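One structure is given here, and the rest of the page talks about it.
The values are calculated or read from the model by the stated rules, or taken from the named source; none is laboratory data. Worth saying up front: this structure is predicted, and the values here are computed from it rather than measured. We place every Cβ from the backbone using ideal geometry, glycine too, and count neighbours over all the protein chains shown. Each accessible area value is taken on the protein alone, full model and side chains, heavy atoms only, with ligands, DNA and RNA left out. Shrake-Rupley method; radii C 1.70, N 1.55, O 1.52, S 1.80 Å.
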Amino acid sequence: MINRFLISYPVKGAIAALSLSFSVAIPLGAETTNTGVVQQGSEQFQAGETQRFEELWTLLGMADMVSILHDEGLEMAMSSDIDLLGHDGGPRWDAAVNKIYDETELTHELRQQFRQSLQQSDLADLCNFYKREEMQDIIQHEISARRAFLDVDVEQDARERWLQGDTPEDLDDIIGRYIDKNDLIELNVMGALNSNFVFLSRLNQSLPDSTGHMTEDEILTHVWSQESDIRTDTSEWMYAYLHTAYERVDEGALARYVAFSETPTGQALNQALFSAFDAVYLRLSSDLGSAVGVFSQEEEL
């Protein structure tokens, strides 16, 4: 799954881009009840599901994705205090942001959301597919490219290469298919707009009365006014990122990777990952909006 992690927070006229069968052996002659057998079987089945989920979590490199989410969000929020607050946030702002982006909490939260969103019946098939060496190679290329894009110069260079057409045409075609079949642009744009709405709504609730409050319709209008810019930026970013990730990947392996993403199991995984990341980003947006409002109230006092 490719999540842009793009969130734009417009505050005080500025826009700060802040932007995964059981068997029961019963000894002969042992006295047991049907309830006991069912309970024991259920526990073993659940243990098997947990083991397969943990295997998939590892195979998809989810710990690395949490680390990237943490590093990117933390740096952007800390460096945007002037835009968000209208002044230097200082150590207290840094402490508030560190609490919001606590990596242990992010890991727990994303793990829980992802497991709830997954279809448990797909776990075995997903693990069998992603444990292949060629699929692990692709996952590692995705993670490496995603971390490299934390460097704005790397990202900008990749964007310029794609915009200038300085990328292999056959690779661009398969990336375009991957993006279209998995609805990557639309899902990322909608996720960003929803996060913006939650951020502004929570900020609006937290601001002192003397500053005035926006209506829900005003917030929606403001958020939707960014849709076109976010869509263009997300599209550029997605193609640039995927070209960076896949330019050294075996062509046949990439074709099999994309084809699997189009199957019902692949589509279910994509939806589960987006649902999980979206839930986490909505919480982050809400907490950041609240923090900005609280700091603004203290500034008033």
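Along the charge dipole of the stretch 179-268, pointing to its positive end and built from +1/-1 on Cβ of Lys, Arg, Asp and Glu, which listed residue (Leu200, His243, Gln226) has its Cα farthest out?
It is His243, whose Cα lies furthest towards the positive end.
With the cut-off at 1.5 for a/c, could you classify the stretch 39-163 from its C-alpha gyration tensor as rounded, prolate or oblate?
Oblate shape, in that a/c is at least 1.5 and b/c is the bigger or equal ratio.
Write out the trypsin sites (Lys or Arg not before Pro) in the stretch 204-259 meeting two conditions: DSSP loop, and at most 13 other Cβ atoms within 10 Å of their Cβ.
Counting only loop positions with at most 13 other Cβ atoms within 10 Å, the trypsin sites (Lys or Arg not before Pro) in the stretch 204-259 are Arg248.
What FRET efficiency comes out for Thr263 versus Asn194 if R0 is 22 angstrom and r is the Cβ-Cβ distance? Round to the nearest 0.05.
Efficiency for this residue pair is about 0.20.
Quick one: length gained pulling Asp153 to Gln112 fully straight, 0.36 nm per residue minus the C-alpha distance?
Net length gain for the segment: 11.3 nm.
Where q = 0.09, 0.11, 0.17, 0.20 Å⁻¹, what log10 of I(q)/I(0) comes from the Debye formula for the stretch 100-240, counting one point per Cα?
With no solvent term, the Cα-only Debye profile gives -0.44, -0.65, -1.29, -1.40.
Keeping all protein chains in the complex and leaving out DNA, RNA and ligands, what accessible area do you get for His213 with a 1.4 Å probe, in Å² to the nearest 10?
90
Dipole magnitude of the stretch 154-264 about its Cα centre, charges +1 at Lys/Arg Cβ and -1 at Asp/Glu Cβ only, in debye to the nearest 20?
The dipole of the stretch 154-264 has a size of about 340 debye.
I'd like the accessible area for Glu169: 1.4 Å probe, protein heavy atoms, all chains in place, Å² to the nearest 10.
Here the residue's solvent-accessible area equals roughly 140 Å².
Sort Trp224, Trp162 by accessible area with a 1.4 Å probe, largest first.
Descending order: Trp224, Trp162.
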